Structures are given as C-alpha cells and as structure tokens.
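A.B. asks: Here's a structure for you.
Every number in this text was worked out from the coordinates using simple rules, so none of it is lab data. All values reported here derive from a predicted model rather than from experimental measurement. Here Cβ is always computed from backbone atoms with ideal geometry, including for glycine, and neighbour counts include all displayed protein chains.
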Amino acid sequence: MRPAGPHDARDSSRSTWTRRNGQVVLLGTQCPQCGNLAFPGRDFCDRCLTEMSNNSVEIRPTGVVYSCSSVHVAPAGFKVPYQIGYVDLSSGVRVLAQLQGGASKARLAPGDAVTADAGQIRTEPDGTKVESYVFRVMKDESQ
Ligand SMILES: [Zn+2]
C-alpha cells in the first residue's frame, strides 16, 4: 500500500498527514499573525493574507461529523458505495475525508465523534492500494 501522494491534495504540494507510533497526525499550517489554522496547509492565511507556508503545525485529528453523504458513482479505483463527510475538528478546522465507520458502527452520521486513522481509499489500475487519512468512530471510552 502506498500513501496518497501530493498530487492527491487539492491545493498544495506539501504532505497532509503522516503516521507516528501507529497514530495518524494531520499536518497543516498556522498563521503567525492571527493564529488561524489551515488544513491542508496553505501558503497564505485566508483571513489576513500573512504568509504561513513556513509555519507547519500538527492538528489534533479528533472531531465530530458535521455532514456526510454516500457515494454510489465514483471514478475507477474507488469501491462503492463509500461515505464521505465533513468533520469539524476540535481545533475548529473543517476537513473533508472518507468516513469508514468502525467496529461498533458501519455507517456514520452527523454528530458522531470520530478520529483520524489510516485507511485504503482506492486502488490503482495496477492493483496498488492507496491509503490516506480517513475518519472512524472513536473507541468507546467506557469499555
Ligand atoms: Zn492570519
């Protein structure tokens, strides 16, 4: 399996995530002037236009599903149906990603608490599995 490369990111050539000690770490940028966080990282702050390209930060990958949808028609390589959704991270950043449920809940819904994890998002024509960050239900703390 290979990680989704820079060409998979919408507006940036920088890495959007990495893995440390088995945990997914989301990589964004933070404005040194106003503190605004961006994910994926941006060269300039969308609030005050200050350059933020050299101010990389790790963004805590936990949040709540804001909205979601099931995809039934997709480009080649994606196994349908799958869920995508916006997740509001605890830092205030809203992220679009695949939602892949978890052991206790196959389909996610708005309001579900989730955390980022690595997961296969598609398969290339040669069979190579491509992975990226996805969001899954957070483990039940009571168990
Ligand atoms: Zn700013």
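A.B. asks: Please report the base-10 log of the normalised intensity I(q)/I(0) for segment 62-137, using a Debye sum with one equal scatterer per alpha carbon and no solvent, at each q in 0.21, 0.27 (1/Å).
C.D. replies: Rounded to two decimals, the profile gives -0.88, -1.27.
A.B. asks: List the equivalent ellipsoid semi-axes of the chain in whole Å, largest first, each obtained as the square root of 5λ for an eigenvalue λ of the Cα gyration tensor.
C.D. replies: 25, 19, 14
A.B. asks: Here is a follow-up. Using Cα-Cα distances under 8 Å and only pairs 6 or more residues apart, what relative contact order does the chain have, in percent?
C.D. replies: The value is 20 percent.
A.B. asks: Taking neighbour Cβ counts within 10 Å as the exposure measure, how do 20, 136 sort from fewest upward?
C.D. replies: 20, 136
A.B. asks: Loop only per DSSP, at most 12 neighbouring Cβ atoms within 10 Å: give me the GluC sites (Glu not before Pro) in segment 58-143, ordered by residue number.
C.D. replies: Those satisfying the criteria are 141.
A.B. asks: Report relative contact order for segment 10-59 in percent, whole number only (criteria: Cα-Cα under 8 Å, sequence separation at least 6).
C.D. replies: With pairs under 8 Å counted, the relative contact order is 34 percent.
A.B. asks: Further question on the same structure: Which of the trypsin sites (Lys or Arg not before Pro) across segment 75-122 are loop residues per DSSP, with 13 or fewer other Cβ within 10 Å?
C.D. replies: 79, 105, 107
A.B. asks: Sticking with this one: If eta is 1.306 mPa s and T is 10 °C, what Stokes-Einstein diffusion coefficient results for segment 10-59, Kirkwood Rh from Cα pairs, in µm²/s?
C.D. replies: So the translational diffusion coefficient is about 145 µm²/s.
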